[in-house]
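Notes follow the structure.
Throughout, read-outs are computed from the coordinates displayed, never taken from laboratory work. Just so we're clear, the structure is a prediction, and the values are computed from it rather than from any experiment. Every residue, glycine among them, receives a Cβ derived from its backbone with ideal geometry; neighbour counts consider all protein chains shown.
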Amino acid sequence: MSLPDAPRINPSILSADFANMQRDLERIAAADLVHVDVMDNHFVPNLTFGPQMVERIQQTSPVPLDVHLMISDPDRWAPGYAEIGAASVTFHVEAAADPVGVARRLREIGSRAGVAVKPDTPVEPLLDHLGEFDQVLVMTVEPGFGGQAFRPETLPKLRLLRQEASRRGADVWLQVDGGIAPGTIEQAAAAGADTFVAGSAVFGADDIEARIGELRELARAHACADRSAGASSLNG
């Protein structure tokens, strides 16, 4: 599976028009992946899509799926989303009994394996296991609802993850989700993020394709030095 280089802009369909989902998927054809939030009303106080809807999105999306599971018991349920064909499946470390085991199973099926942390969850326990994951998602808002304000106090976690990924030679994407827009994407990119989830900033724009391009260029212009150095060492 060929996936785009950084920086990656992944619009969140949580901000799309659910009554016109196929239309809105077509409107983000210039994006890198489409971010699909799965919520179960247990792990977070909201309910969105389940496997059947995600499978339908998989069938109609012009770009690969970046599935974010905000659900309880991902050890049981996460592999099913990889089997649907999602390019990337991310689950929350707070909900998993065996995060490394879940990641390995996702990779066996053929999906990239991601692990997510809430704003107040430390990332230090993940550092020795970075090689087990293809992506670490640092939530820059509390998960569960779109449209929240970006929390800059999450940025030190990104810096630490980027430094450790570079030091260890770990080829891991660092994703941010929550309040990403012009004015905040620069901060996240400078801290080490290379994959950006944007909801209302994309779907609320008059020209969606132009907004995706603008966000991509802002992220590229502010990309941290450690990310570039890490990429060089991996490709050298």
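Quick notes on this one:
- Helical runs (DSSP H, four residues minimum) scored at -39500 (n - 2.57) apiece and divided by the length of the chain put the mean residue ellipticity at 222 nm at -11000 deg cm²/dmol.
- Tail beyond 19 Å, pair distance distribution of region 81-154 (Cα, percent): 37 percent
- Distant-in-sequence amide H partners of THR90 (H built 1.01 Å from N, under 5 Å): VAL67, HIS68, LEU69, GLY114
- Taken as Cα centroids, region 95-172 and region 28-63 sit 19 Å apart, rounded to the nearest whole angstrom.
- For region 8-235, the dipole from Cβ point charges (+1 on Lys and Arg, -1 on Asp and Glu) about the Cα centre works out to 360 debye, to the nearest 20.
- Approximate shape of the chain as ellipsoid semi-axes (Cα gyration tensor, √5λ), whole Å, largest first: 23, 22, 17
- Rounded to 5, the percent of DSSP beta bridges in the chain classed as antiparallel: 5 percent
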